[in-house]
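**Student:** First the structure, which I've put down as structure tokens, then a few questions once you've had a look.
The values are calculated or read from the model by the stated rules, or taken from the named source; none is laboratory data. Please read all numbers here as calculations on a predicted model, not as lab measurements. Here the Cβ positions follow ideal geometry from the backbone for every residue, glycine too, while neighbour counts run over all protein chains shown.
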Amino acid sequence: MKKLKRRFPIFFIILLVYLSGCSAGSEEKSDSTAKSNDMAMDAAKSGSGEQADFYAGETGKTENTAEPAKIKVQNQMVIYQADLQLRVKEFDQTVRTLEEKVIKYGGYITESNVSKEGNEQVSGSIKIRIPQKHFQAFLHEAESQAAEVLQRNITGQDVTEEYVDLESRLKSKRVVEERLTTFMKSAVKTEDLLKISADLAVVQEEIESIEGKMKFLENQTSLSTVNITLYEKKVVIPTIDKDKLNTWEKTKKQFMKSINMLLVGLSGLVVFIIGNLPVLAILLLLGFLFVIIYRRKKNRNRSE
């Protein structure tokens, strides 16, 4: 009994210390929770209009949110481009064959040019978009149409990371757009409504820009570009020109030219004589008088 009486005060003191420690821990937890709520409200008041609305709408939610799921792309997104230079035997026939192959594989021609240097050199270029799954098959068939492959260059650009980044940004912008739309519905003041409308317009413009870039990458990766340059060198063999060997026709032609020249000359002489008849008459009269005077003087000189 004496030992029990001595130990009882010690047990009582330990019990008091334990209870005081538990009460202090609960107060610290409540204080930390109150401080976190105060910090969130202060950030909402000091931030922009969008941030203030966000914090105001999120005060009823838990502080820790789950991390967003990572975006996974099953297939690599690669932009393929091929440049071919081919020497062919029949230029026109090769172009028609390539056009048929393009239709066969579901592609299309975006550009086509043909140039000729005299009769011996024909060249042209074709720009083709082919579905990526038929890219290699089309290249093999295009090369099979050539007498000689002068150049073959294939490049690939991996844009998977860029596409994933755009998709992640798009999802974030969609979330912001949805929240701003919700804030606009609950806005009362005109100033708040104008501010939210301006922010919403900026976000929607960014969304359209991101979607445009994503569509461009999707188009470039789904369709590969093939640039084909074709060369055809012909050996032109001269043929006999029958027109230049037509002797009888040339003879008749030359005879008629001679007749025409004589007729033109006679016609010009007649025109000259008749047209200058008065002048010629005067000249003849003066010549006749000169002859008469000359003969008279000659006769006088003989008589003397």
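Per-residue answers, yes or no, for (1) more than 26 Å from residue 176 (Cβ to Cβ); (2) among the hydroxyl-bearing types (Ser, Thr, Tyr); (3) at pLDDT 90 or above; (4) in contact with an Asp or Glu (Cβ under 8 Å, 6 or more places away or on another chain):
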| residue | (1), (2), (3), (4) |
| --- | --- |
| 47 | no, no, no, no |
| 59 | no, yes, no, no |
| 65 | no, yes, no, no |
| 110 | yes, yes, yes, no |
| 115 | yes, yes, no, no |
| 129 | yes, no, yes, no |
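**Student:** Output the number of the condition that residue 121 fails; it satisfies all remaining conditions of (1) within 19 Å of residue 225 (Cβ to Cβ); (2) surrounded by 12 or more Cβ atoms within 10 Å (Cβ to Cβ).
**Tutor:** (1)
**Student:** Looking at the stretch 201-215, is at least one residue modelled with pLDDT of 90 or more and over 30 Å from residue 77 (Cβ atoms)?
**Tutor:** Just the residues of the stretch 201-215 that are modelled with pLDDT of 90 or more, to begin with: 201-215.
Now drop any that are not over 30 Å from residue 77 (Cβ atoms), which leaves 201.
Yes, some residue in the stretch 201-215 is modelled with pLDDT of 90 or more and over 30 Å from residue 77 (Cβ atoms).
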